[in-house]
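The structure under discussion appears below in the form of structure tokens.
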Amino acid sequence: MAERTWRKSTYSNGGAPESCVEVSLAHNALVRDTKNASGDVLAFSTPAWRALINWL
């Protein structure tokens, strides 16, 4: 995962800088907690990620 590019949520502005999530979009979508970058990661297939984003 170190070679992946991570982006913070744009909704993290205005709140505590450590209380947001990051996403990495490559062959799949990975989501992690910014304050625990070495911790657990949620993994979504591309179709599952698109379905989640459309649902939100």
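The values are calculated or read from the model by the stated rules, or taken from the named source; none is laboratory data. Everything numeric in this text was worked out from a predicted model, so none of it was measured. Because the Cβ atoms are built from the backbone with ideal geometry, glycine has one as well, and the counts that use them run over all protein chains shown. For the accessible areas, the whole protein counts, side chains as well, though only heavy atoms, and no ligand, DNA or RNA atoms are used. Shrake-Rupley method; radii C 1.70, N 1.55, O 1.52, S 1.80 Å.
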Study note, to complete from the structure: Here the residues within the range 38-56 that are of a type outside the set (D, E, K, R), open to solvent by 40 Å² or more (accessible area, probe 1.4 Å) and either within 17 Å of Thr5 (Cβ to Cβ) or touching a Lys or Arg at 6+ places or on another chain (Cβ under 9 Å) (or both) are Ser38, Val41, Leu42, Ala43, Phe44, Thr46, Trp49
Review point. In the range 5-21, what residues are assigned to a loop (DSSP other than H, G, I, E, B), open to solvent by 50 Å² or more (accessible area, probe 1.4 Å) and at pLDDT 85 or above?
Key: Thr5
